[in-house]
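**Student:** Here it is, the structure, as structure tokens.
Quick note: the coordinates plus some simple rules give every number you see, no bench work behind them. Here the structure is a predicted model, which is why all the values come from computation and not from measurement. As a convention, Cβ positions derive from the backbone with ideal geometry for all residues, glycine included, and neighbour counts pool all protein chains shown.
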Amino acid sequence: MSLLRRLAENRARMSEAGEDASLSAASRVRFDAARELIAKHARGRVLDVGCGRMPFRDDILATGARYESLDLEARVPGVDHLGDVQDLRAIATATYDTVTCFEVLEHVPHPDRAAGELARILAPGGSLLVTVPHLSRLHELPHDYYRFTGYGLRALATQAGLDVVDVRAHGGLASFLGHQASTMLLGLTWGIPGVHRAARALNRAALIRPLVQLDQLDRSGLFALGFSLVATKP
């Protein structure tokens, strides 16, 4: 088995085991950005678009909101809706108080259509919560189409008829580069009793914590790992 194939297969196994949030500095930053949006803005009836393995389900429920999920295919049991974010005709207009869309828009050929559908299913006064990558290696191939700036994300929301409340950068070059090292370290040690546990501890101490802190020194956002957006429906 080639090294790249072994890494890819072990990376998939780590995801299935729920290790995504603790994989790297980049993962930590992206998950923290999404969780901050949820804690501040999730309310009422919430639709988690592109829910994947539902890593944010408990965070949304912890706010007292009602959780529903949507994805193109069910990666875990209990997905409420199967559908394409670019065409949500099965969901009525003005259905949800909050819609979350974390690390999804880069994977659709027509993010403008997706933004329009997300805006349509929001109730008036409802909030759209989005995160997108700016720095990222190719992933989820072949369905990896775009990288976004904060300006592009704002334009998508505005063109969909939403009022932009906030757009901000998260992470940076250090966490992006560190993600590659963390993936190698954990991917090569996955499945080796004791060794993988030690590798995880080393990864936290030597890569995740220092690189997250290093990124915080760059306030310019020129090398942002990604961007988050809060927008509301008039």
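**Student:** Identify all residues within segment 114-150 that are in contact (Cβ under 8 Å) with a residue 12 or more places away in the chain and surrounded by fewer than 16 Cβ atoms within 10 Å (Cβ to Cβ); write none if there are none.
**Tutor:** Within segment 114-150, Pro124, Gly125, Arg137, Glu140, His143, Asp144, Tyr145, Tyr146, Arg147, Thr149 meet the criteria.
Here's the yes/no breakdown for (1) of a type outside the set (Val, Ile, Thr); (2) closer than 24 Å to Glu106 by Cα:
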residue	(1), (2)
His143	yes, yes
Gly150	yes, yes
Thr158	no, yes
Leu162	yes, yes
Asp166	yes, yes
Leu188	yes, no
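**Student:** Could I ask something else about it? Anything in segment 195-233 that is polar (S, T, N, Q) and buried (at least 16 other Cβ atoms within 10 Å of the Cβ)? List them, or say none.
**Tutor:** Selection gives Asn203, Ser228, Thr232.
**Student:** Go through Thr95, Thr100 for me and flag whichever is of a type in the set (Ser, Thr, Tyr) and under 25 Å from Phe176 (Cα atoms).
**Tutor:** Details: Thr95 fails: under 25 Å from Phe176 (Cα atoms).
The unique qualifying residue is Thr100.
**Student:** In segment 199-234, what residues are assigned to a helix (DSSP H, G or I), among the small types (Gly, Ala, Ser) and in contact with a helix residue (DSSP H, G or I) (Cβ under 8 Å, 6 or more places away or on another chain)?
**Tutor:** Ala199
**Student:** Picking from Gly83, Gly64, Gly50, which residue would you name as being within 20 Å of Phe227 (Cα to Cα) and surrounded by fewer than 22 Cβ atoms within 10 Å (Cβ to Cβ)?
**Tutor:** None of the others qualify; the one that does is Gly50.
**Student:** When the residues of segment 60-75 are narrowed to those that are in a loop (DSSP other than H, G, I, E, B) and of a type in the set (A, V, I, L, M), which ends up farthest from the chain's Cα centre (by Cα)?
**Tutor:** Here the answer is Ala65.
**Student:** Sticking with this structure for a sec: Please find, among Arg200, Arg154, the residue that is over 18 Å from the mean Cα position of the chain (by Cα) and in contact (Cβ under 8 Å) with a residue 60 or more places away in the chain.
**Tutor:** That would be Arg200, the only listed residue that is over 18 Å from the mean Cα position of the chain (by Cα) and in contact (Cβ under 8 Å) with a residue 60 or more places away in the chain.
**Student:** Any residue that is touching a residue at least 24 places away in the same chain (Cβ under 8 Å), out of contact with any Leu (no Cβ under 9 Å at 6 or more places or on another chain), of a type outside the set (Phe, Trp, Tyr) and part of a loop (DSSP other than H, G, I, E, B) - is there at least one of those in segment 16-30?
**Tutor:** For segment 16-30, residues touching a residue at least 24 places away in the same chain (Cβ under 8 Å), out of contact with any Leu (no Cβ under 9 Å at 6 or more places or on another chain), of a type outside the set (Phe, Trp, Tyr) and part of a loop (DSSP other than H, G, I, E, B): present.
**Student:** Continuing with this model, one more query. Inside segment 76-104, can you point out the residues that are in a loop (DSSP other than H, G, I, E, B), among the hydrophobic types (A, V, I, L, M, F, W, C) and under 26 Å from Thr149 (Cα atoms)? Give the steps one after another, and end with the answer.
**Tutor:** Residues of segment 76-104 that are in a loop (DSSP other than H, G, I, E, B), as a first pass: 76-80, 83, 85-86, 88-95, 103-104.
Adding the requirement that they be among the hydrophobic types (A, V, I, L, M, F, W, C) leaves 76, 79, 85, 88, 90-92, 94, 104.
Of everything in segment 76-104, those that are in a loop (DSSP other than H, G, I, E, B), among the hydrophobic types (A, V, I, L, M, F, W, C) and under 26 Å from Thr149 (Cα atoms) turn out to be Val85, Leu88, Val104.
**Student:** Turning to a different aspect of this structure: Looking at segment 159-194, which of the residues that are touching a residue at least 24 places away in the same chain (Cβ under 8 Å) and β-branched (Val, Ile, Thr) is surrounded by the fewest Cβ atoms within 10 Å (Cβ to Cβ)?
**Tutor:** Filtering first and then ranking leaves Val165.
**Student:** Please work out which one of (1) touching a Leu at 6+ places or on another chain (Cβ under 8 Å); (2) closer than 24 Å to Thr93 by Cα is the condition Gly161 fails and give its number.
**Tutor:** If we test Gly161 against (1) touching a Leu at 6+ places or on another chain (Cβ under 8 Å); (2) closer than 24 Å to Thr93 by Cα, just (1) comes out false.
Residues are listed down the side, and each one gets a yes or a no for (1) of a type in the set (S, T, N, Q); (2) out of contact with any strand residue (DSSP E or B) (no Cβ under 7 Å at 6 or more places or on another chain); (3) closer than 30 Å to Arg120 by Cβ:
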{"residue": "Val164", "(1), (2), (3)": "no, no, yes"}
{"residue": "Val167", "(1), (2), (3)": "no, no, yes"}
{"residue": "Gly171", "(1), (2), (3)": "no, no, no"}
{"residue": "Ala174", "(1), (2), (3)": "no, yes, no"}
{"residue": "Leu186", "(1), (2), (3)": "no, yes, no"}
{"residue": "Thr189", "(1), (2), (3)": "yes, yes, no"}
{"residue": "Ala199", "(1), (2), (3)": "no, yes, no"}
{"residue": "Gln213", "(1), (2), (3)": "yes, yes, no"}
{"residue": "Arg219", "(1), (2), (3)": "no, yes, no"}
